Amino acid sequence: MSRLDSFIRRLSAQRDILNAVADQVRLLEGPVLELGLGNGRTFDHLRELFPDRRIIAFDRAANAYGPSMPSADNLVLGEIKDTVGGFVGAGASLAHADIGTGYEDKDAVTLTWLPGIMAGVLAPGGLAVSGLPLDHPDLQALPLPDTVKAGRYFIYRRE
């Protein structure tokens, strides 16, 4: 598969999962966290799904497309593994992380901290959506929408 096709499938999986969990998230209290703002495409989609919800985005630097940039009070800059720790206990309804690199060695380092952080920021019953698998005792894997191939993207519920 070409890198372009892989990219398209990853983004389609991301969108399909976020759309599939939106009704569940709307029933929960708490902010939505976006780990990895990038150019702001997913942040913009989250704003459409949850127009009345606070959405806090994290990234190393602000590189989002102008209209897709969060307000200053909803943007946390710095190394995500360091900055998001301050939000453990935030009771998030949804935490989304698309911060995998595709390099096994780099992603293995991310997976030493990401599962614990995701579990820590979520409210009980909150949902984690991730491009990387999250192995944590407080996170229960949920079934994917039929349009998403197993292993492409992941959904978890915080126990």
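The values are calculated or read from the model by the stated rules, or taken from the named source; none is laboratory data. If you're wondering where the values come from, they're calculated on a predicted model, not measured in any experiment. Neighbour counts run over all protein chains shown; Cβ positions are idealised from the backbone, glycine included. Surface accessibility is based on the protein's heavy atoms, side chains included, excluding ligands, DNA and RNA. Shrake-Rupley method; radii C 1.70, N 1.55, O 1.52, S 1.80 Å.
Report yes if Arg60 is within 24 Å of Leu144 (Cα to Cα), without any contact (Cβ under 8 Å) to a residue 24 or more places away in the chain and under 16 Å from the mean Cα position of the chain (by Cα), otherwise no.
no
Does Pro137 satisfy the condition of being out of contact with any helix residue (DSSP H, G or I) (no Cβ under 7 Å at 6 or more places or on another chain), open to solvent by 70 Å² or more (accessible area, probe 1.4 Å) and assigned to a loop (DSSP other than H, G, I, E, B)?
For Pro137, the condition - out of contact with any helix residue (DSSP H, G or I) (no Cβ under 7 Å at 6 or more places or on another chain), open to solvent by 70 Å² or more (accessible area, probe 1.4 Å) and assigned to a loop (DSSP other than H, G, I, E, B) - is met.
What tally of residues in the stretch 140-158 results from selecting those that are surrounded by fewer than 16 Cβ atoms within 10 Å (Cβ to Cβ), in contact (Cβ under 8 Å) with a residue 24 or more places away in the chain and within 19 Å of Ser93 (Cα to Cα)?
0
If a residue has to be under 12 Å from the mean Cα position of the chain (by Cα) and more than 21 Å from Glu104 (Cβ to Cβ) to count, how many in the stretch 129-155 make the cut?
2
I'd like to check which helices (runs of 4 or more DSSP H) are fully inside the stretch 1-100 and have at least 1 residues that are crowded, with 19+ Cβ neighbours inside 10 Å, among the hydroxyl-bearing types (Ser, Thr, Tyr) and at negative phi. Walk me through how you get there before you give the answer.
Values: elements: 3-26, 41-49, 80-83.
Hits in the stretch 1-100: 41-49.
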